[in-house]
1. Only one of (1) hydroxyl-bearing (Ser, Thr, Tyr); (2) surrounded by fewer than 18 Cβ atoms within 10 Å (Cβ to Cβ); (3) within 16 Å of the ligand (Cβ to nearest atom); (4) part of a helix (DSSP H, G or I) fails for Thr85. Which number is that?
2. So the check is Cβ under 6 Å with 6+ separation or different chains; which pairs have a first residue in region 81-101 that's closer than 14 Å to His115 by Cβ and a second one that's among the basic types (Lys, Arg)?
3. What number of residues within region 9-55 satisfy the criterion of being buried (at least 21 other Cβ atoms within 10 Å of the Cβ) and assigned to a loop (DSSP other than H, G, I, E, B)?
4. Can you find even one residue in region 99-113 that is in contact with a strand residue (DSSP E or B) (Cβ under 8 Å, 6 or more places away or on another chain) and part of a loop (DSSP other than H, G, I, E, B)?
5. Can you tell which of Asp58, Asp63 is surrounded by fewer than 15 Cβ atoms within 10 Å (Cβ to Cβ), within 13 Å of the ligand (Cβ to nearest atom), at pLDDT 95 or above and part of a loop (DSSP other than H, G, I, E, B)?
6. Six or more apart or on different chains, Cβ atoms under 6 Å: show the pairs whose first residue is in region 25-46 and touching a residue at least 40 places away in the same chain (Cβ under 8 Å) and whose second is assigned to a loop (DSSP other than H, G, I, E, B).
Amino acid sequence: MSHHDERTFVMVKPDGVQRGLIGDVVSRLEDKGLKMVGGKFMQIDEDLAHEHYAEHEDKPFFDGLVEFITSGPVFAMVWEGADATRQVRQMMGATDAQEAAPGTIRGDYGNDLGHNLIHGSDHEDEGANEREISLFFDEDELVDWDLGTSQWVYEDA
Ligand code: UDP
């Protein structure tokens, strides 16, 4: 089962929470066959926002990004599955929701670059998934469990 256990960090941003899209995002990831192993409804503070988006510190949009991500609650999650990090990124769509393909989360619900509803760890940034998971979750907040439908999702489960 080892190659089905890649973990990735996913977050419904404040705009997604306000628009009532938590359930839809969770549903889409469940429907894909991914397994939720952690979830928390929370408010991000300045420090966490700076840490999470440290790579963008020098960008012109950084202050606005911190203000936005701390402007209301988010739903932070950890999802597990084969190639989970890249799979979630594909389901999210392009960063600019105006450019994101229909059928993706950003493409179906978003219309803006900053307000793009969802965050998922970057699969091209080695170790970003594990870094972000440990920034938001303690190890004992993650649940180790068997998803009964995995044997139907994966031929070799
Ligand atoms: N962002 C923004 N303006 C920009 C680029 C990015 O407001 O010009 C925001 C946007 O919300 C994005 C986040 O900063 O999701 C992080 O940017 P990144 O390039 O890492 O995009 P992502 O990985 O979220 O697709």
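The values are calculated or read from the model by the stated rules, or taken from the named source; none is laboratory data. All figures in this text were calculated on a predicted structure; none of them were measured in a lab. We place every Cβ from the backbone using ideal geometry, glycine too, and count neighbours over all the protein chains shown.
1. With (1) hydroxyl-bearing (Ser, Thr, Tyr); (2) surrounded by fewer than 18 Cβ atoms within 10 Å (Cβ to Cβ); (3) within 16 Å of the ligand (Cβ to nearest atom); (4) part of a helix (DSSP H, G or I) applied to Thr85, the lone miss is (2).
2. So the pair list comes out as Met92/Arg106; Gly93/Arg106; Ala97/Arg106; Ala100/Arg106.
3. Summing the residues that are buried (at least 21 other Cβ atoms within 10 Å of the Cβ) and assigned to a loop (DSSP other than H, G, I, E, B) in region 9-55 gives 4.
4. For region 99-113, residues in contact with a strand residue (DSSP E or B) (Cβ under 8 Å, 6 or more places away or on another chain) and part of a loop (DSSP other than H, G, I, E, B): absent.
5. Asp58
6. Correct list of pairs: Lys35/Leu147; Val37/Leu142; Val37/Val143; Gly38/Phe137; Gly38/Leu142.
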